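Heads up, the thing below is written out as structure tokens.
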Amino acid sequence: MSQKNLFSKSALAIAVAIVSSNTGAAGFLLNEYSTSALGRAFSGAGAMGDNASEGSRNPAAMMLFDRPSLSVGAVYIDPTVDIKGKGGSPLHSNTTANDIAPSAVVPNAHFIFPINDKWAVGTSMTTNFGLATDFNKNYAAGPIGGKTDLKTVNLNLSGAYRVNNNFSFGLGVNAVYADAEITRHAGDLGALAPIISGGKLPAFPANTTMAKLTGDDWGYGWNAGILYEINDDNRLSLSYRSKVKVKFEDGKYSNDIPKSIAALNGTGGEKIDGKLDLNLPDIWEFSGYHKVAPKWAMHYSVSYTGWSEFKELTAYRKHGSSDPLFHKPEHFKDAWRLALGTTYFYDDNWTFRTGIAYDESPVRSEYRSISIPDQDRYWLSAGTTYAFNENASVDVGISYMHGKKVNISEKLIEGQANSPVYNFKSEGSAWLYGVNFNYAF
């Protein structure tokens with residue numbers, strides 16, 4: 001690797017880090033579209049018909065509503081993600097970092113408008129993808145563990161048509177706004193620079209910003225669904241959400257290295273125009289709802305996310321050289337999610353629910369990074385709805401998500417054969433709390 005690319009490639013371990021920090025579903029997928037769904041671990045999604053949020057999961061489910069319906073709320077995610085390790089460089093630095101994932105609020109809003117008994121339209125605002133990890137600026141493994149932040153907003157407009165008493169179909173369009181920031185610092189690499197370069201490079205403070213990449217842009221996709229109502233108490237849902245490509249055409253790259261140090265591609269804080277394509281995966285989901293007794297119902301979901309679409313991240317200068325500014329293989333694999341839950345209809349005012357789920361991680365162990373400490377996850381959820389009257393109700397939900405412990409081995413300088421290798425152990429969990437207000441007009 002050339003000295004010019006030594007820092008820019010390792011520090012941009014940008015993974016737009018693209019993987020979650022245990023703040024949602026596996027990978028960097030977020031499921032938190034509704035509080036009632038949170039309380040049942042998102043089992044039965046698209047087949048429940050309990051409030052307007054169902055239209056965002058399966059547009060055909062809008063035909064379950066005979067009045068205009070609104071649902072607005074948010075889910076608060078409080079993760080605990082710890083990294084433990086010791087540097088593999090001659091410095092033997094302590095690379096333990098606790099609470100690297102900040103808390104976050106994920107809002108949602110949904111509206112369904114039945115036109116007649118054959119047609120309905122609806123709209124929603126959700127967050128389907130996101131992640132955040134934030135290490136101290138002086139962190140020893142700064143080139144691979146800095147700040148990684150991806151926020152998205154999904155705006156959906158959909159319509160549904162009832163074919164007969166059993167079948168309904170729905171189709172929607174999605175506009176996805178994505179905002180990303182990745183920052184990496186020198187860490188141990190600052191002190192090791194003179195050694196690695198044979199005295200050609202100076203040493204740098206650990207908190208030197210070696211790379212900062214920011215960008216925001218829009219991507220577009222579609223979703224579709226089928227609802228099969230066996231009878232009033234039993235129904236099945238099949239939905240599909242398409243791939244979305246977000247083209248970061250106006251990204252900015254910078255670092256704090258003086259421009260005079262050409263070997264490190266220094267920008268002196270000046271921003272360079274860059275571009276990068278982010279491929280978001282497609283999702284298939286099959287769900288069922290069955291009222292097995294006058295006061296009891298069971299529900300389940302099986303979803304399949306096409307994470308293998310996410311093979312690599314490659315960034316280029318927007319103008320000038322066609323050589324990649326950054327290239328990082330990801331090699332995600334497709335992943336499953338399984339969920340099972342039950343609902344108890346206590347009386348006209350109170351409804352109680354609970355659920356369990358398993359999220360399979362799409363990250364292959366050999367590509368796992370501390371900026372993307374993804375792992376298989378297990379969910380345990382509970383929630384309730386209180387109906388003030390036949391029009392207004394409020395949902396409250398809580399979930400505990402536990403991630404398996406994983407081992408991570410990562411080079412301080414990606415792609416360099418003699419780079420120091422750092423070994424880590426990561427474990428994480430999260431509490432999620434939600435509240436939604438629902439109103440039927």
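Which residue, of Thr133, Thr123, Thr95, is open to solvent by 10 Å² or more (accessible area, probe 1.4 Å) and of a type in the set (Val, Ile, Thr)?
On the way: Thr133 fails: open to solvent by 10 Å² or more (accessible area, probe 1.4 Å); Thr95 fails: open to solvent by 10 Å² or more (accessible area, probe 1.4 Å).
Checking each option against the conditions leaves just Thr123.
If I filter the stretch 54-62 for residues that are of a type outside the set (D, E, K, R) and farther than 26 Å from Val163 by Cβ, do I get at least one hit?
no
Name, by its number, the condition in (1) farther than 20 Å from Tyr240 by Cα; (2) at pLDDT below 95 that does not hold for His290.
Unmet for His290, out of (1) farther than 20 Å from Tyr240 by Cα; (2) at pLDDT below 95: (2).
Filter the stretch 196-215 down to the residues that are assigned to a loop (DSSP other than H, G, I, E, B) and touching an Asp or Glu at 6+ places or on another chain (Cβ under 8 Å), then identify the one that is farthest from Asn255 (Cα to Cα). Explain how you work it out, then say what you get.
Our first condition is that a residue be assigned to a loop (DSSP other than H, G, I, E, B); within the stretch 196-215, this holds for 197-208.
Checking which are touching an Asp or Glu at 6+ places or on another chain (Cβ under 8 Å) leaves us with 206, 208.
Numbers: Ala206: 13, Thr208: 8 Å.
Top of the filtered list is Ala206.
Out of everything in the stretch 42-78 that is open to solvent by 10 Å² or more (accessible area, probe 1.4 Å) and of a type in the set (A, V, I, L, M), what residue ends up being farthest from Gly122 (Cα to Cα)?
Going through the qualifying residues, I end up with Ala74.
When residues of the stretch 245-267 are filtered for being touching a Ser or Thr at 6+ places or on another chain (Cβ under 8 Å), surrounded by fewer than 18 Cβ atoms within 10 Å (Cβ to Cβ) and under 25 Å from Leu131 (Cβ atoms), how many remain?
Adding up the residues that qualify gives 1.
Given the structure, is Asn108 open to solvent by less than 10 Å² (accessible area, probe 1.4 Å), out of contact with any Leu (no Cβ under 9 Å at 6 or more places or on another chain) and either on the phi < 0 side of the Ramachandran plot or among the hydroxyl-bearing types (Ser, Thr, Tyr) (or both)?
It is true that Asn108 is open to solvent by less than 10 Å² (accessible area, probe 1.4 Å), out of contact with any Leu (no Cβ under 9 Å at 6 or more places or on another chain) and either on the phi < 0 side of the Ramachandran plot or among the hydroxyl-bearing types (Ser, Thr, Tyr) (or both).
Hey, does the stretch 137-148 have a residue that's free of Cβ contacts under 8 Å to residues at least 60 places away in the same chain and either touching a helix residue (DSSP H, G or I) at 6+ places or on another chain (Cβ under 8 Å) or not in a strand (DSSP E or B) (or both)?
The answer is no, given that none of the residues of the stretch 137-148 is free of Cβ contacts under 8 Å to residues at least 60 places away in the same chain and either touching a helix residue (DSSP H, G or I) at 6+ places or on another chain (Cβ under 8 Å) or not in a strand (DSSP E or B) (or both).
Keeping to the stretch 268-307, report how many residues are open to solvent by less than 50 Å² (accessible area, probe 1.4 Å) and part of a strand (DSSP E or B).
Counting residues in the stretch 268-307 that are open to solvent by less than 50 Å² (accessible area, probe 1.4 Å) and part of a strand (DSSP E or B) gives 18.
The values are calculated or read from the model by the stated rules, or taken from the named source; none is laboratory data. The model shown is predicted, which means the values in this text are computed figures rather than measured ones. Using ideal geometry, Cβ is built from the backbone for each residue, glycine included, and neighbour counts are taken over all protein chains shown. Heavy atoms of the whole protein, side chains included, go into the accessibility calculation; ligands, DNA and RNA do not. Shrake-Rupley method; radii C 1.70, N 1.55, O 1.52, S 1.80 Å.
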